[in-house]
Amino acid sequence: MAAIARAEAEAQIPSPVRSAGGRRSFPVWRWVILLLAGIYFLIPLYAAVKFAGFRSFPDVFRQAGFVSAIGLSLRLALITTVITLLLMVPTVVYVHLRLPRIRRLMEAITILPIVIPPIVLIVGVLKVAPGFLLSTPYLLALMYVVLAMPFAYRSLDAGLRAFDLKTMVEASNGLGAGLPTTLWRVVIPNIRTAMLSAVVLTVALVLGEFTMASLDLYVTFPVWIVDFEQNSGYVSVAASLLALFVTWILLMLIVTVGSRGARKRGGGEVALFSVATTRTIGKITGEPE
Amino acid sequence: MTTNTAAGTATGLGPAGGGAGAPVAMQGLSRSFGAVRALDGLTLDIAPGELVALLGPSGCGKTTALRIVAGFEFADSGTVTVDGRDIAPIPAARRDMGMVFQSYSLFPNMSALDNVGFGLRLRKTSGADRARRAAALLDMVGLSGQARQYPHQLSGGQQQRVALARALAIEPRVLLLDEPLSALDAKVRLQLREQIRTLQQRLGTTTLFVTHDQQEALSMADRVGVMKDGRLEQIATPSELYSTPATAFVAEFVGTMNRLPGTYRGGDEVTVLGLDVPVHGDHPNVAAGEADVLVRPEGLTVEAVAGGNGIVTDRTFLGSLTRVSVLLSGDVAVKVDKSSTAAADLTPGTSVQVGVIPGGPVLIAEPRR
């Protein structure tokens, strides 16, 4: 602690002579924190790998139901993402453009899915949903749209706040573009980062959601992992690890593809993405930005 | 379109066929926002190819007027006609007006060239033709080297020049400038003033220019409309506005003005500094008796006289002229312009006699309380 305080004090001294030495000394405590955090996160992973053994991994793909479970989860992720974007992008744009006064109200409304436990939501929905929806797993996609709303809304809201929407829309309008063209050519390209962050959060949410899928009696990937655990603990743990990596790779893929070409515009889009995400999460957990 | 532009001027950008130089007429425009009356019966005609500046303090309604013409705002009553046609039913996207905004409005996801070409793209101009014309426009605003750059790589002045090129690219019937220079620093502002004016005259585009900067309005516009409380106080050429302001508000808003206590004799005569001088302009609210008299610094004389009516407090050297600040008896501070050679001996503390040149513009107003 004292060392940290001293390092901070040194860093604050604006001395050109000191700066080289200070620069060398500050990573020390950062590395310590990184190391501690790394241990905290990696030990369980290591333990899981050790428990499952590397030989269990190929077995995962041969297990009954694996392909259909992951296939369903990916389809649900895709459908949820598409519906979320189609619904939320125009809504957030409209609120920013025409109803800026109800922004606070919107924030309150969109936080509801987090306040209400998923189990309450799904039990209620299963009671009232019409038969044709109950008979397909895609009712889950509709539920996930609701669950993803707080994340999607906040990502998009943050993205639009960083952009002079009114002037841009008027400029585009004045040059002859109607609202659909303006949305497509001017607004969406400039909130791509925010949309990307909405997509990433939505996909992560869908791939990890257990409660609703389980109660709706459909075998998504998380449900499959839990079911399978009863058959083979080793393979189940291997599947969990695999799920973690698959999700991670998928998210990296989305970020990479989504921010392609952004660099030439100097957007620094991946960095922006993480800012939008931390802002979003900070807002949800009520932390100051 | 291709043949049209090919037959244009050297840059391929002559005045648009029928587009440029449209007359604009605003008739009795009124607009309220809740209890605030932003526009109160504004009537203004702009001749084809003319640049009219609307000048006034913030909240005087000038921007509302411009936004009504653009189609971003609607009038409660009154009409706007372009080329004799009422434009109220036409949505903003189909009004063919080029607008430059106060805030930077370039689309961040497009290069300078694509920004300029945006309006052409919407008009289904072919890719090659669009690129050629956008490049010619960028060249016209002196930014041909920046065509491939994105807005964040351009300075504020460059962004506004691209925005101007973008507005002109659609060969607008009317060019609308909403304080386009306000966000820029002083030096860039001066350069851009000239550039906008030169381009506007060359293309002959009817232009409405909104500003709160009198220098900008006076130096760029054919005519300047001074607005106050949603109404036009006076519209005149810059020199008329300065030399024969119609009201005390205009007189004090444009240029430097002295306020001296005087006595209004009724009719067109006022006594100030012991002299009877004729009054110019409208003064409907001023009753005979005590009145404030408005005289420009060049409308006053100042001579060193022992035991005169004032004392020099300060001098500002302006080149050939020197502006002498004098404190008159009764705690009235005035500024008087005098040739610098003649003002050499008027050091602070000198007793002076200040008088009025009878021929100059003299206005009266109700005394301030």
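The values are calculated or read from the model by the stated rules, or taken from the named source; none is laboratory data. Note that the coordinates shown come from a computational prediction; the quantities given were computed from them, not determined experimentally. Please note: Cβ atoms are built from the backbone with ideal geometry, for glycine as well, and neighbour counts cover all protein chains shown.
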Of the listed residues (A:VAL67, A:VAL115), the one being farther than 22 Å from A:VAL187 by Cβ, among the β-branched types (Val, Ile, Thr) and touching a Phe, Trp or Tyr at 6+ places or on another chain (Cβ under 8 Å) is A:VAL67
Residue pairs within 6 Å by beta carbon, gap of at least six or interchain, first lying in segment B:237-257 and at positive phi, second in a helix (DSSP H, G or I), listed first then second, are B:GLY255/B:TYR242
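Can you confirm whether A:VAL28 is over 23 Å from A:PRO222 (Cβ atoms) and either polar (S, T, N, Q) or loosely packed, with under 13 Cβ neighbours inside 10 Å (or both)? Don't jump to the end; show me each part of the working.
Values: over 23 Å from A:PRO222 (Cβ atoms): yes; either polar (S, T, N, Q) or loosely packed, with under 13 Cβ neighbours inside 10 Å (or both): yes.
Judged against the criteria, A:VAL28 is a match.
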How many residues of segment B:175-212 are at pLDDT 90 or above and not in a helix (DSSP H, G or I)? The answer is 16
In the set A:VAL199, A:VAL187, the lone residue that is away from chain B (no Cβ under 14 Å) and buried (at least 23 other Cβ atoms within 10 Å of the Cβ) is A:VAL199
Restricted to segment A:105-161 and to residues being charged (D, E, K, R) and surrounded by 22 or more Cβ atoms within 10 Å (Cβ to Cβ), the residue nearest to A:THR91 (Cα to Cα) is A:ASP157
Looking across segment B:105-118 at residues that are not hydroxyl-bearing (Ser, Thr, Tyr) and not in a helix (DSSP H, G or I), the single one that is nearest to the chain's Cα centre (by Cα) is B:LEU106
Listed by first then second residue, the pairs whose first member lies in segment B:58-69 and is more than 13 Å from B:ASP229 (Cβ to Cβ) and in contact (Cβ under 8 Å) with a residue 24 or more places away in the chain, whose partner is assigned to a loop (DSSP other than H, G, I, E, B) and of a type outside the set (Asp, Glu), with beta carbons under 6 Å and at least 6 positions apart or on separate chains, are B:ILE68/B:ALA75
Output yes when any residue across segment B:179-189 is within 14 Å of chain A (Cβ to nearest Cβ), buried (at least 19 other Cβ atoms within 10 Å of the Cβ) and in contact (Cβ under 8 Å) with a residue 24 or more places away in the chain, and no when none is.
yes
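Can you tell me which of B:ARG85, B:ARG67, B:ARG94 is basic (Lys, Arg), surrounded by fewer than 18 Cβ atoms within 10 Å (Cβ to Cβ) and within 14 Å of chain A (Cβ to nearest Cβ)? Reasoning before the result, please.
On the way: B:ARG85 fails: within 14 Å of chain A (Cβ to nearest Cβ); B:ARG67 fails: surrounded by fewer than 18 Cβ atoms within 10 Å (Cβ to Cβ).
Checking each option against the conditions leaves just B:ARG94.
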Expected output for segment A:159-178 (first residue more than 8 Å from chain B (Cβ to nearest Cβ), partner hydroxyl-bearing (Ser, Thr, Tyr), Cβ below 7 Å, 6+ apart or cross-chain) is A:GLY159/A:THR193; A:VAL169/A:THR182
Within segment B:103-116, the residues that are under 14 Å from B:SER144 (Cα atoms), at the interface with another protein chain (Cβ under 10 Å from one of its Cβ atoms) and of a type in the set (Gly, Ala, Ser) are B:SER111
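Where in segment B:322-366 are there strands (runs of 3 or more DSSP E), lying wholly inside it, with at least 2 residues that are surrounded by fewer than 20 Cβ atoms within 10 Å (Cβ to Cβ)? Before the answer, list the steps.
Numbers: elements: B:332-339, B:351-356, B:362-365.
So the answer is B:332-339, B:351-356.
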A careful count of residues in segment B:139-166 that are buried (at least 19 other Cβ atoms within 10 Å of the Cβ), in a loop (DSSP other than H, G, I, E, B) and within 11 Å of chain A (Cβ to nearest Cβ) gives 1
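Against the condition within 14 Å of another protein chain (Cβ to nearest Cβ), surrounded by fewer than 19 Cβ atoms within 10 Å (Cβ to Cβ) and modelled with pLDDT under 95, how does B:GLY34 come out, does it pass?
It is true that B:GLY34 is within 14 Å of another protein chain (Cβ to nearest Cβ), surrounded by fewer than 19 Cβ atoms within 10 Å (Cβ to Cβ) and modelled with pLDDT under 95.
Return the residues of segment A:81-104 that are charged (D, E, K, R) and surrounded by 12 or more Cβ atoms within 10 Å (Cβ to Cβ); say none if nothing qualifies. Don't jump to the end; show me each part of the working.
Taking segment A:81-104 first, the residues charged (D, E, K, R) are A:98, A:101, A:103-104.
Selection gives A:ARG103 alone.
Could you please let me know if B:GLY319 is assigned to a loop (DSSP other than H, G, I, E, B) and either under 27 Å from B:ALA246 (Cβ atoms) or among the polar types (S, T, N, Q) (or both)? It would help to see each step written out before you state the result.
Working: assigned to a loop (DSSP other than H, G, I, E, B): yes; either under 27 Å from B:ALA246 (Cβ atoms) or among the polar types (S, T, N, Q) (or both): no.
Taking the combined requirement at face value, the residue does not satisfy it.
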Within segment B:119-138, residues surrounded by fewer than 24 Cβ atoms within 10 Å (Cβ to Cβ), within 9 Å of chain A (Cβ to nearest Cβ) and in a helix (DSSP H, G or I) come out as B:ARG121, B:LEU122
When segment B:74-115 is checked residue by residue, the ones that are under 15 Å from A:ALA171 (Cβ atoms) and charged (D, E, K, R) are B:ARG95, B:ASP96, B:ASP114
Consider A:ALA52 carefully, then state whether it is in contact with a helix residue (DSSP H, G or I) (Cβ under 9 Å, 6 or more places away or on another chain), modelled with pLDDT of 85 or more, under 30 Å from A:LEU207 (Cβ atoms) and not polar (S, T, N, Q).
no
